[in-house]
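The structure under discussion appears below in the form of structure tokens.
The values are calculated or read from the model by the stated rules, or taken from the named source; none is laboratory data. Quantities reported herein were computed from a predicted structural model and do not represent experimental measurements. Cβ atoms come from the backbone with ideal geometry, glycine included; neighbour counts cover every protein chain shown.
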Amino acid sequence: FFEPLELRHDRVPGEADPGPFVKYVYTVSYGPIKSGMVRVFDEYLDAETFMFSKGDSRLRIEGKPPMTPAAPAVLGGDQLQISRIVLPITAAYPGMKEFVRAEELSKPTAAIAAAETELAAAKGSLSAEPAALRDELLAAETALNVAREEALRQLAANTSGASRQALEGTQSLVLDAKTGRRALSHTVPELSSLADNGTVSYLVQIVQDEHTNFQLALDIAQGATGGYVAFEKGSIKTYHPGGFNEFVAGNYDLAQGQNRFRVLMQLDLAQNQFLLTVTSLADDAVLVNAVPAAVNGWKPQVNGKRGLFIDCRPGTEAIYDALTFAQPDGTKVLAFDFEPPAFPEGQDVVDASAAAGSAPWMVTGFCQAPATSKITSAISLNPAVQSAVARLKAAQQALRLPVLTIAAAEARLAAAQLQLASIQQRIETDTIRYSTGKLSEDRQAEPEVKALIHAACQSERAAAVATAQANLASADQAIASAEVKIAEVSKQADQAAIEAANKSLQTAQQQRVAATTALNAANATLATELGEYTPLSPKYPQITSGRRAALANWIASRDNPLTARVAVNHIWLRHFGQALVETTHDLGRNGSRPTHPELLDWLACELMDSGWSMKHVHRLIVTSQTYRLASMLPQSTAFASEQFASASALDPDNKLYWRFPAARMQAEVVRDSLLAVAGQLDETMGGHEIDHKQGMISHRRSLYFAHHGEEKMEFLELFDAANACDCYKRTSSVQPQQALALTNSELTKTL
């Protein structure tokens, strides 16, 4: 009956879409599900049921034929009629439900309102540039000019003591990770034309030797490496062809002046490798000569995720220059010379424009403050120039921040508007596309419906681009805000505040990397052929096998009164503390006889006649005269006392229910009553399951706490809480610990 069954995770009103249900895998641990509603569906209608050894689905008994759904004929199982059932379209495609559509529309609508409020506030604060900020900008520019002139004078007199010059030209890229770590990435989109046997070359100088590397990246977002060349404590390392096993390809000696190198990577992508050559510029020594090394499937711009990394790990300072990608004939495809005006002196390379290519340099998630990656020349190494550059940058960012705030709010508003339009378009398309109410009768082939599908796809892609642009604008705003904060706290010499500001800057830079990657991917999607749009929910088979429905109808048939009798026997037990049939687990011939057989049958008929409504039976019982009887000895009159004594003599065990059966309070009632008497019971209804460890702290009703084999509230267990594996009768015990719990538990002491 249950072989076709699979689990799905459905959305419920007021909660976000929980996504698809994670299928069970042996030996994998799963956390509790805290949102949505888990339901069953028939995934494979023709799934067969096989015999397994010890019930383990991994141990199928070979040679045993598959079993068919059936029941014993002696119990009426031969009357089972199994036929497939077509479900409503909202069961197969929950995205067609009204509440799902309404909630999906409400999210961008709320985002539009929030963005409009932010935009109005940002524009209001930009009525005029503060005079103090403009004055600071002019003062910073003047200070920088003075510092440059003094640095030039010192260089001419050879009194500056500057020991580092540009590797080539007038400027180089300096990665200073003496403290922290600096890891850069670049998408290098121009490399799509690079031949399989092209070359990659660059210059590098090791100033402080710990570890620095250059990588051909397989996925810049995930930090996946393809080709790799590292300089580490006197060793030149790379990967063996065909894998990621690192080996030492050569060595260098900083003590002998070998600190500047030319690296040449002769690509041979057809063989999934490159030939590595490293030359020392100080003495023209060839340290590595055409050694084969792995690229591990790297090819330029195959999937839009690939690019390059430059990484300086903690304790390292390195200078890079003349990074060039060239064709076999030497024609340059892309070159980074780090020269002005594309790369302003003293500026971090991630703040430079994309003039040297169509994409910017970006920090990665591996960065650790306060490491930097600045464009540097001999002049910019002067401490006074560096201080003046930092002051100028802070002044520029302070003036830019209000403009960036407006730009970010405008971008968020545009993205929310496009998101709303996209969802509206998808809802309209779904309505027309599945107007017959059947997923199998999809009208996607009809010209007008196909046009709607393409329009929905196009609007969704446009919304994705706008969302990525909004995230990028927000990241730029956050970077500017963090840099302004750094300048402010640096004046106060508050080290803790400086570290916090640097961390905020690092986080904002990482957000910018993620936003740039997402924007590149979204823009790439725009160029592809229009296809399907993203549905508002997962889709499931609309036809069910009918096996479970047939089984349920057979079990709950009027021809099978046992089901109704068992149900009302349990309901009676819950209300009166004693069942009409003592053996709740066995209402057959081996069990106890009913104390009130006519009452049992009458209640069973009431349950069936009311459409199997248990609420009806509950209401019937609690409004009855029997339920409203007292269980205590009357104290009012002698006549009442005489009646009580007479009835007690005739029926001491109360089998005829002449009084309400006295019973001890259940564990949950004990705890809830303590809270209620103290006026602290939280009567909030519904919500997620609460961790059982919160039972002594939370004042929610006991019903809402986790209660199963692994998680049980100790307080409830003392008072004989429900057995999570047994739905029959509770046991009742008397223990000294119960009295202690009522007077000395953590819960009672705080009430």
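The residues of the range 179-199 that are farther than 19 Å from N520 by Cβ, at pLDDT below 90 and within 37 Å of the chain's Cα centre (by Cα), listed by number, are T179, G180.
Residues checked against (1) more than 57 Å from the chain's Cα centre (by Cα); (2) of a type outside the set (D, E); (3) at pLDDT 95 or above; (4) at positive phi:
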{"site": "L607", "(1), (2), (3), (4)": "no, yes, yes, no"}
{"site": "V622", "(1), (2), (3), (4)": "no, yes, yes, no"}
{"site": "R628", "(1), (2), (3), (4)": "no, yes, no, no"}
{"site": "L633", "(1), (2), (3), (4)": "yes, yes, no, no"}
{"site": "T637", "(1), (2), (3), (4)": "yes, yes, no, no"}
{"site": "A662", "(1), (2), (3), (4)": "no, yes, no, no"}
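Go through the range 713-749 and report how many residues are assigned to a helix (DSSP H, G or I) and touching a residue at least 24 places away in the same chain (Cβ under 8 Å). Residues meeting the conditions: 9. Checked against the criterion of being free of Cβ contacts under 8 Å to residues at least 60 places away in the same chain, among the small types (G, A, S) and buried (at least 17 other Cβ atoms within 10 Å of the Cβ), the candidates A388, A414, A451, A371 yield just one match: A414. Would you say D329 is assigned to a loop (DSSP other than H, G, I, E, B) and more than 30 Å from the chain's Cα centre (by Cα)? Judged against the criteria, D329 is a match. Across the range 513-538, the qualifying residues are those that are part of a helix (DSSP H, G or I) and under 19 Å from the mean Cα position of the chain (by Cα), and the one among them that is farthest from R39 (Cα to Cα) is V513.
None of F366, F338 is aromatic (F, W, Y), crowded, with 18+ Cβ neighbours inside 10 Å and either under 22 Å from Q510 (Cβ atoms) or at pLDDT 80 or above (or both) except F338. Restricting D651, D672, D691 to residues that are under 21 Å from L740 (Cβ atoms) and either crowded, with 16+ Cβ neighbours inside 10 Å or not assigned by TED's automatic domain parsing to the domain that holds V581 (or both) narrows the list to D672. Per the conditions (1) at pLDDT 90 or above; (2) touching a helix residue (DSSP H, G or I) at 6+ places or on another chain (Cβ under 9 Å), the sole criterion not satisfied by T324 is (2).
Please verify whether A335 is without any contact (Cβ under 8 Å) to a residue 24 or more places away in the chain and assigned to a strand (DSSP E or B), treating the condition exactly as stated. The answer is yes for A335.
On the basis of being among the acidic types (D, E), assigned to a loop (DSSP other than H, G, I, E, B) and either in contact with an Asp or Glu (Cβ under 6 Å, 6 or more places away or on another chain) or surrounded by 10 or more Cβ atoms within 10 Å (Cβ to Cβ) (or both), does E15 make the cut? The answer is yes for E15. Restricting attention to the range 569-601, which residues are under 20 Å from F660 (Cα atoms) and among the hydrophobic types (A, V, I, L, M, F, W, C)? Once the filter is applied, which keeps residues that are under 20 Å from F660 (Cα atoms) and among the hydrophobic types (A, V, I, L, M, F, W, C), the range 569-601 yields I571, W572, L573, F576, A579, L580, V581, L599, L600. Residues in the range 83-124 that are among the acidic types (D, E) and over 25 Å from the mean Cα position of the chain (by Cα) were compared, and the one that is nearest to Q477 (Cα to Cα) is E118.
To keep it simple, each residue is scored yes or no on (1) among the polar types (S, T, N, Q); (2) at pLDDT below 85; (3) closer than 28 Å to P535 by Cβ.
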| site | (1), (2), (3) |
| --- | --- |
| S29 | yes, yes, no |
| S35 | yes, yes, yes |
| D56 | no, yes, no |
| G63 | no, no, no |
| M67 | no, no, no |
| G77 | no, yes, no |
| M96 | no, no, yes |
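For the range 602-617, name all the residues that are surrounded by fewer than 16 Cβ atoms within 10 Å (Cβ to Cβ) and more than 18 Å from Y657 (Cβ to Cβ). The answer is C605, D609, S610, G611, W612, S613, M614, K615, H616.
Taking (1) among the polar types (S, T, N, Q); (2) at pLDDT below 85; (3) in the same structural domain as D337 (by TED's automatic domain parsing) in turn, S387 satisfies each apart from (3).
For the range 542-594, which residues satisfy the criterion of being in a helix (DSSP H, G or I) and farther than 30 Å from K655 by Cβ? Correct list: R547, R548, A549, A550, L551, A552, N553, W554, I555. Could you list, in sequence order, all residues of the range 32-46 that are surrounded by 12 or more Cβ atoms within 10 Å (Cβ to Cβ), hydrophobic (A, V, I, L, M, F, W, C) and assigned to a strand (DSSP E or B)? Hits for the range 32-46 are M37, V40, F41.
Those strands (runs of 3 or more DSSP E) of the range 161-271 in which at least 3 residues are surrounded by 17 or more Cβ atoms within 10 Å (Cβ to Cβ), considering only elements entirely within it, cover 172-177, 182-186, 199-208, 212-219, 224-232, 235-239, 260-268. Does the range 487-506 include one or more residues that are among the β-branched types (V, I, T), over 25 Å from R306 (Cβ atoms) and in a helix (DSSP H, G or I)? Yes: one or more hits.
Scoring A290 on the criteria (1) at pLDDT 90 or above; (2) of a type outside the set (S, T, N, Q); (3) closer than 21 Å to L505 by Cα leaves a single failure, condition (3).
Restricting the range 25-82 to residues that are β-branched (V, I, T) and touching an Asp or Glu at 6+ places or on another chain (Cβ under 8 Å) leaves a set whose member that is nearest to L562 (Cα to Cα) is V40.
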